[in-house]
Structures are given as C-alpha cells and as structure tokens.
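*Asks:* Okay, handing you the structure first.
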Amino acid sequence: MKKVAVLMAVLALFAAAAFAAPKHWVVGFSQIGSESEWRTANTISVQNSFLEDTSFTLIYSDAQQKPENQIKALRSFIARKVDCIVFTALVETGYGPVLEEAKRAGIPVIMIDRDVQASDRHLRLTIMGSDFVKEGEKAGTWLADYLKKKGLDDGKKQINIVELQGTTGSAPAIDRKTGFATVMKTHPNWVLTRSQTGNFTSSEGKQVMEAFLKADKNIQVLYAHNDQMALGAIQAIKEAGLKPGKDIIIVGVDAVKGAFEAMVAGEMNCSVECSPLLGPQAVQAVRDLRDGKKLPARIWTIEGIFDETNAAAALPTRQY
Ligand code: GZL
C-alpha cells in the first residue's frame, strides 16, 4: 500500500513538473531603426510575437540608424542581466567587444535579419533571416529573363544599369550587390554605369536617382537594394519626364506593399521578396533556447519573387 502511495506521489511530482509554467525570461531586442516599411513590419512582428507569450518580457530599443546607439542598448541589456538578447546588426563591423561582454556575462545572443562580420559570428548563437546573396542573384536572373522575353537584350547592345545600394557596410547591401554582380558577369553587354548608397530610404533613393538622371539619361535599368529606395527613385524618374517601369526597368527587393502597388500600376517591374515577419521564428528560437535545445547555426526564411505577372493576385493577401 505504502509503495503505491509513494509511486502516486512521484507520478504527481512528474506531472506537475511537466506542466509547470516555463521560467519567465526577460529578452532585450535591439532594433536598428525605422528606415523603411520593411523595418516597421519587422519590429511589429517581433514585438507582437513576444507580447503574445506572457512568459516573456521584451525590452525594445530603437538605435535610430546609429551603431553607437545599438552598442549602448546591448550594454544596457547586459547591465540589466537580461536572459537573452535578440538583435539585428545595422552594419557588419564594430560589435565584437560588446558581444564578448555578453558572452562573459553568460547572456546568449540570437541574431535576426542582418548578421555581424564572420570573425564575430562565434559570439552569437544563430542568425535567422534571408539569404541576401540569393536575393541579388534572383534579381539579376529575373532581369535577364525579362529582357530576353521582351526582346530588349540581343546580347550585344549595351544595357546601362544603375544601382541604389543599401546602407554602406550592412549585410544586405554587401550581399545583394555580390549576388547581382554574379549574374552581371554572365552578360558582358550589361554595364553598371553608376552605383551609390541610398541608405535604404525613399528620400535618399530619390536624391541619388535625381543625380544619376542629371548626369546621364541613357539608363535602361535600375536595381535598388530595397523597394523603399526604388519608390523614391520612381518619383525622380517621373519628374525627369520618363516613364518608370517602361523607359527604365525597375527591380527592387523586399516585396513591400508599396512595391506591389507600383507593379500593379506598371511603374515597377519586379520585387524579390525578403520577409520581415521574423517574429514567430525569433520567439520560437528563444523558447527552444530556454528549454535547453541546441539552435541551428542558420535559420533561413523561405521567399518568392513578384512581378507584373503575379503582383495583382498577391496584393490582397500581403501582410506588410
Ligand atoms: C533586409 C533588411 C533591409 C531591407 C530594407 O533583411 O535588413 O533593411 O531590405 C531594410 O528595406 O531597411
């Protein structure tokens, strides 16, 4: 009889442990700013995902596009002894020392979206987000197919391409340039006549495109590292008396709502998807970490590509 009572008590303890509420964790989230529709959607996705799980408290910091603010935020999370840090790196370099401090403090760091430079990646647990090199390759491959389909590229006539780069030194700017350049190498008649940063914003994208057009109107293609800059450039192209999407073929990245509206209006030709909706993956990674699970070194997001053939159908269901 006694043995049964002991067994029942042990089983009850196990059952209680199995259903015990998870330990409450405080998570520091260092975001880079609010430079684009993409970034805003990314912030909302991460905040909502952690808000929906009451076993977390999220401390949010907006670096307003300044690396020094991000480093300050990470240091404040360390001082507050948070249980975990989630952050996206404005630029690839400069975070080694503060990541060392987090490691010494025993605080795990999970990266979302933009990674740090390769020599610092041993200081963070994982990175989740898009393959930016692949996004650049997808943009180039789409352009090659489109030019061929429209009979605009005989392989001989020079095709002048201008490029609006993202924030200098950021992973997406470096990698999207690399990916597109890989495809350019297979088209000797494609010439990159101008390339400059528009810092991922529509205002700077417009300003730089205005300068490009003042210097040379013989532009056949604009490749913009994000849709925000492409949308700014579309204004500049119109103000120069040209038809965006027709006189100048426009390829962007992100697939934000504004790009879909431009594609439906015939003013933009393609956008390579880069999903900002990383919240669910981020909160699950932190849960797994809290449960003692090993995280994969890389958590990829799966993305598509949109153009005039599928933009109208997709627009009503877009979440950002
Ligand atoms: C890419 C992300 C980039 C977006 C831009 O994952 O870091 O930053 O492409 C945003 O729109 O500014």
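The values are calculated or read from the model by the stated rules, or taken from the named source; none is laboratory data. Since this is a predicted model, take the numbers as computed values, not measurements. Positions of Cβ are generated from backbone atoms using ideal geometry, with glycine treated the same way; all protein chains shown enter the neighbour counts. Note: accessible area is taken over every heavy atom of the protein model, side chains too, but ligands, DNA and RNA are not part of it. Shrake-Rupley method; radii C 1.70, N 1.55, O 1.52, S 1.80 Å.
*Asks:* So which pairs qualify, if the first residue must be in segment 193-210 and farther than 19 Å from A259 by Cβ, the second must be of a type in the set (D, E), the Cβ gap must be under 6 Å, and the two must be at least 6 apart or on different chains?
*Replies:* Between residues of segment 193-210 that are farther than 19 Å from A259 by Cβ and residues that are of a type in the set (D, E), the close pairs are S195/E163.
*Asks:* Condition test on V191, is it open to solvent by 20 Å² or more (accessible area, probe 1.4 Å) and either within 21 Å of A255 (Cβ to Cβ) or within 15 Å of the ligand (Cβ to nearest atom) (or both)?
*Replies:* Taking the combined requirement at face value, the residue does not satisfy it.
*Asks:* Against the condition open to solvent by 10 Å² or more (accessible area, probe 1.4 Å) and part of a helix (DSSP H, G or I), how does D154 come out, does it pass?
*Replies:* no
*Asks:* Given the structure, is S30 in contact with a strand residue (DSSP E or B) (Cβ under 8 Å, 6 or more places away or on another chain), in a strand (DSSP E or B) and within 30 Å of L231 (Cβ to Cβ)?
*Replies:* Yes; evaluated as a whole, the condition is true for this residue.
*Asks:* When both residues are 6+ apart or on different chains and their Cβ atoms are under 7 Å apart, which pairs have a first residue that lies in segment 300-320 and is under 14 Å from E261 (Cα atoms), and a second that is of a type in the set (S, T, N, Q)?
*Replies:* Pairs that qualify, where the first residue is under 14 Å from E261 (Cα atoms) and the partner is of a type in the set (S, T, N, Q), are F306/S271; D307/N269; E308/N269.
*Asks:* Can you pull out every residue in segment 93-119 that is under 19 Å from I174 (Cβ atoms) and surrounded by fewer than 20 Cβ atoms within 10 Å (Cβ to Cβ)?
*Replies:* Across segment 93-119, the qualifying residues are T93, G94, G96, Q117, A118, S119.
*Asks:* Right, here's the next one. Taking interchain pairs and intrachain pairs at least six residues apart, which have beta carbon atoms under 8 angstrom, with the first residue in segment 87-107 and in contact (Cβ under 8 Å) with a residue 24 or more places away in the chain and the second in a helix (DSSP H, G or I) and acidic (D, E)?
*Replies:* Y95/D120; G96/D120; L99/D120
*Asks:* Here's a follow-up. In segment 129-160, which residues are of a type in the set (G, A, S) and on the phi < 0 side of the Ramachandran plot?
*Replies:* Result: S130, G136, A139, G140, A144.
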